[in-house]
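What follows is calculated from the coordinates using simple rules that are stated; it is not laboratory data. As the structure is a prediction and not an experimental result, all values here were calculated from the model. Here the Cβ positions follow ideal geometry from the backbone for every residue, glycine too, while neighbour counts run over all protein chains shown.
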Amino acid sequence: MSAKLSARPLTTIVGAGNLAGALGVSLRGAGYRIDQIVSRGSAASLRRARRLAREVGASAATAARAQIRAEMVWFCVPDGAIAGAAASLMGAADWKGRVALHSSGALTSDELEVLRRRGAAVASVHPLMTFVRGSRPALVGVPFAIEGDPKAVRAARAVVQQLRGRAFTIRKQRKEAYHAWGMFASPLLTALLAATERVAGGAGVSRKAARERTLPILQQTLDNYARLGAAGSFSGPIARGDVATVEKHLQVLLEVPEAREIYVALAHAALRDLPAKNRTVLEKILKA
């Protein structure tokens with residue numbers, strides 16, 4: 001195996017889920033040739049792998065049958081499966097000189113240690129993006145957090161550049177905090193939006209209608225945040241110091257206690273981090 005990677009190395013993707021699909025299509029669009037989609041042994045996994053393989057012009061194989069020719073192997077499997085997937089492919093290639101990447105946000109490149117010991121350069125390469133069924137986001141402009149062996153990091157940075165993403169370095173000891181940041185940015189935001197729908201129910205608005213009617217204010221809030229930052233885009237009764245309105249909110253939210261807990265927690269966060277008036281009084285009523 002050559003010690004120097006091609007400009008766009010032949011690539012194998014391990015996994016065929018939402019992230020693998022977005023990555024495979026984006027890599028193909030950036031001029032990469034995808035050699036194989038490797039799946040687990042179940043019939044359902046192999047069907048997904050074959051479906052993705054057809055999309056990206058690759059072949060599909062189970063880990064037990066895979067013979068890896070690719071210079072770069074990208075693991076897109078759940079966190080708890082990365083080390084096992086790597087171990088299952090130890091005999092599928094001569095790993096010396098190859099690059100192996102995984103896309104966990106919380107775990108480090110050490111999950112691929114079994115391949116590192118066989119001569120591969122390894123790295124973790126995590127896109128700060130959400131991937132769900134029914135949505136395949138483009139990776140243009142997406143930040144990628146990268147750490148690992150120098151050769152694998154260089155290769156990953158080149159890939160991200162060709163995908164027109166934005167690579168940045170994350171230290172191993174910072175990965176869990178980095179992933180918690182991502183948790184706030186999307187999954188917990190989604191949980192907040194679900195709570196928003198529950199509160200809308202108290203106003204007699206259905207979940208579907210609440211989602212439609214929330215979008216304009218949500219989109220404007222994100223636009224304000226992008227242009228003005230958190231402090232410049234903060235509005236509402238806490239920013240104004242409107243104690244009476246906050247008290248009314250707390251009273252009506254007794255009917256939705258789960259949402260009330262979220263309201264109180266976020267109001268405390270707002271008083272700590274954002275511009276607000278009547279802080280002392282508001283803090284007292286939130287603690288009451």
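Observations
- Rounded to the nearest 10 degrees, the inclination of helix 257-273 to the longest alpha-carbon principal axis of the chain is 90 degrees.
- Label-point gap, in nm, between R279 and T214 - each point 7 angstrom along Cα→Cβ: 2.9
- Whole-Å distance, taken between Cα centres, linking the range 9-70 and the range 209-288: 45
- Tilt relative to the chain, helix 175-185 - C-alpha long axis, 0 to 90 degrees, to 10: 50
- Here each label is just a point 7 Å from Cα along the line to Cβ, and for S233 and K172 those points are 3.6 nm apart.
- Dipole magnitude for the range 186-287: computed about the Cα centre from +1 point charges on Lys and Arg Cβ and -1 point charges on Asp and Glu Cβ, it is near 100 debye.
- Look at the dipole of the range 1-94 built from charges on Cβ: of L5, L46, V73, the Cα furthest out on the positive end belongs to L46.
- Here the range 73-94 is scanned for amide nitrogen atoms under 16 Å from the site 7 Å beyond the Cα of A106 along Cα-to-Cβ, giving 77-84.
- Extending 7 Å from the Cα toward the beta-carbon at both S186 and Q67 defines two label points whose distance is 3.7 nm.
- Among the listed pairs K208/K277; K175/K277; K151/K172; K208/K287; K248/K277, those whose Cα-Cα separation exceeds 24 Å are K208/K277; K175/K277; K208/K287.
- From most to least packed by mean Cβ count within 10 Å, the peptides 123-130, 191-198, 96-103 give 96-103, 123-130, 191-198.
- The long axis of helix 243-252 is offset from the longest Cα principal axis of the chain by roughly 70 degrees.
- FRET efficiency for the pair E261 and L193, taken as 1/(1 + (r/R0)^6) with r the Cβ-Cβ distance and R0 = 22 Å, rounds to 0.85.
- DSSP beta bridge pairing in the chain, given as percent antiparallel to the nearest 5: 15
- Dipole orientation for the range 186-287: of the candidates L222, S206, I238, I238 has the Cα lying most toward the positive pole (charges on Cβ; Lys, Arg +1; Asp, Glu -1).
- Estimated FRET transfer efficiency when R0 is 51 angstrom, pair D242-Q161 (beta carbons, to 0.05): 0.60
- Within the chain: Cβ-based charge dipole about Cα centre, in debye rounded to nearest 20 (Lys, Arg +1; Asp, Glu -1): 860
- Cβ-defined net charge surrounding T11, 15 Å radius [Lys, Arg +1; Asp, Glu -1]: +2
- When T190, T108, T12, T214 are arranged by Cβ crowding within 10 Å, least crowded first, meaning fewest neighbours, the order is T190, T214, T108, T12.
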